[in-house]
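Notes follow the structure.
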């Protein structure tokens with residue numbers, strides 16, 4: 001999410017962005033991106049699933065968590081830089097939108113209905129695991145929210161929860177899911193996810209012209225602004241999806257971002273996630289990791305059960321339904337769907353709904369836990 005305050009004008013936001021750029025340690029940023037790129041490239045060359053993303057997360061995350069300063073520089077990647085690359089994924093997803101998919105979406109109601117049951121159940125299971133692990137009711141409740149990382153942390157802070165612990169639990173939920181799901185598909189199907197097959201699929205087969213490139217950039221900028229104005233869940237990606245889909249369906253835009261840009265986006269996203277572990281207390285990280293792993297295993301097992309149910313109810317592929325229910329990041333789960341040649345629109349719609357439902361449940365719970 002953007003750090004832009006509510007009601008801030010675009011001019012003020014631009015001034016804040018320029019100020020942030022002026023305060024950036026570009027040497028440290030360059031070292032961080034270089035190491036993230038090396039880690040991602042090595043993982044991709046090894047044909048690991050979603051290699052550029054996973055390799056950069058692991059490389060930077062380990063360095064950050066251990067407090068290592070490569071070449072004497074602090075691991076760093078501004079959140080604004082990471083978010084500026086997310087629309088690339090949205091534009092690629094929008095390119096997969098067709099009138100046929102729009103008609104097929106009318107038949108998705110059984111799995112969306114199942115999602116409404118899955119979210120509160122997964123939240124309740126996570127809450128029980130965290131309470132059994134010794135967390136307070138507020139820490140357990142908001143740490144177990146299966147979506148809406150920033151919103152759940154903010155609601156938890158208002159309810160008196162430990163913000164540091166919530167941040168660790170939510171980031172670990174996100175990162176463990178991102179790491180586990182590609183490995184599961186790799187083990188079950190034997191196909192590479194996002195490395196060998198992914199780059200071939202995600203690269204546009206239509207030559208990228210200056211006009212189409214400019215239109216994609218405009219779609220990303222306008223889409224993000226429109227999504228924020230309309231309060232879309234995950235607007236930084238859902239807004240560009242909507243604009244890109246409209247341009248593709250109308251025939252004004254053909255093709256999607258090239259493979260190299262998708263790979264760069266994976267590195268930036270992964271590096272940004274890994275960099276968030278800078279300065280995290282190691283004892284807190286170990287405690288949170290143990291509980292988050294238990295919660296992650298339970299959530300993924302529950303997602304698989306619901307995927308089987310959706311397959312039986314609506315004949316949706318088990319793999320697509322499982323990916324639609326897995327509580328990972330919207331952009332990252334969509335990347336996996338792109339790489340697996342799945343219905344990326346199906347997966348994306350369900351993850352947007354997951355975030356909306358999860359945050360709504362968290363808001364209801366905040367009324368119960370809010371300090372009087």
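The values are calculated or read from the model by the stated rules, or taken from the named source; none is laboratory data. What you see is a predicted model, and the numbers here were worked out from it, not measured in a lab. With ideal geometry, Cβ positions are generated from the backbone for all residues, glycine too; neighbour counts draw on all protein chains shown.
With respect to residue 342, is the statement that it is modelled with pLDDT under 90, closer than 20 Å to residue 93 by Cβ and in contact with a helix residue (DSSP H, G or I) (Cβ under 9 Å, 6 or more places away or on another chain) true? When the stated conditions are applied, residue 342 passes them. Evaluate the following for residue 107: is it out of contact with any strand residue (DSSP E or B) (no Cβ under 9 Å at 6 or more places or on another chain), under 22 Å from residue 238 (Cα atoms), buried (at least 19 other Cβ atoms within 10 Å of the Cβ) and touching a residue at least 24 places away in the same chain (Cβ under 8 Å)? Answer is no for this residue.
Comparison of 119, 75 shows that the only residue that is touching a residue at least 12 places away in the same chain (Cβ under 8 Å), buried (at least 21 other Cβ atoms within 10 Å of the Cβ) and not in a helix (DSSP H, G or I) is 75. Check segment 77-89 and report whether any residue there is over 15 Å from the mean Cα position of the chain (by Cα) and at pLDDT 90 or above. Scanning segment 77-89 turns up at least one residue that is over 15 Å from the mean Cα position of the chain (by Cα) and at pLDDT 90 or above.
In segment 317-330 there is at least one residue matching the filter, namely being surrounded by fewer than 17 Cβ atoms within 10 Å (Cβ to Cβ), part of a helix (DSSP H, G or I) and in contact with a helix residue (DSSP H, G or I) (Cβ under 9 Å, 6 or more places away or on another chain). With respect to the conditions (1) in contact with a helix residue (DSSP H, G or I) (Cβ under 7 Å, 6 or more places away or on another chain); (2) over 18 Å from residue 266 (Cα atoms), residue 66 falls short on a single one, namely (1). Condition (residue is farther than 26 Å from residue 56 by Cβ and assigned to a loop (DSSP other than H, G, I, E, B)) applied to segment 308-315: is it met by at least one residue? Within segment 308-315, one or more residues are farther than 26 Å from residue 56 by Cβ and assigned to a loop (DSSP other than H, G, I, E, B). Residues in segment 189-211: is at least one closer than 28 Å to residue 55 by Cα, in a helix (DSSP H, G or I), touching a helix residue (DSSP H, G or I) at 6+ places or on another chain (Cβ under 6 Å) and modelled with pLDDT of 85 or more? The answer is no; no qualifying residue exists.
Among the residues making up segment 144-165, a single one is part of a helix (DSSP H, G or I), within 17 Å of the chain's Cα centre (by Cα) and modelled with pLDDT of 85 or more: 152.
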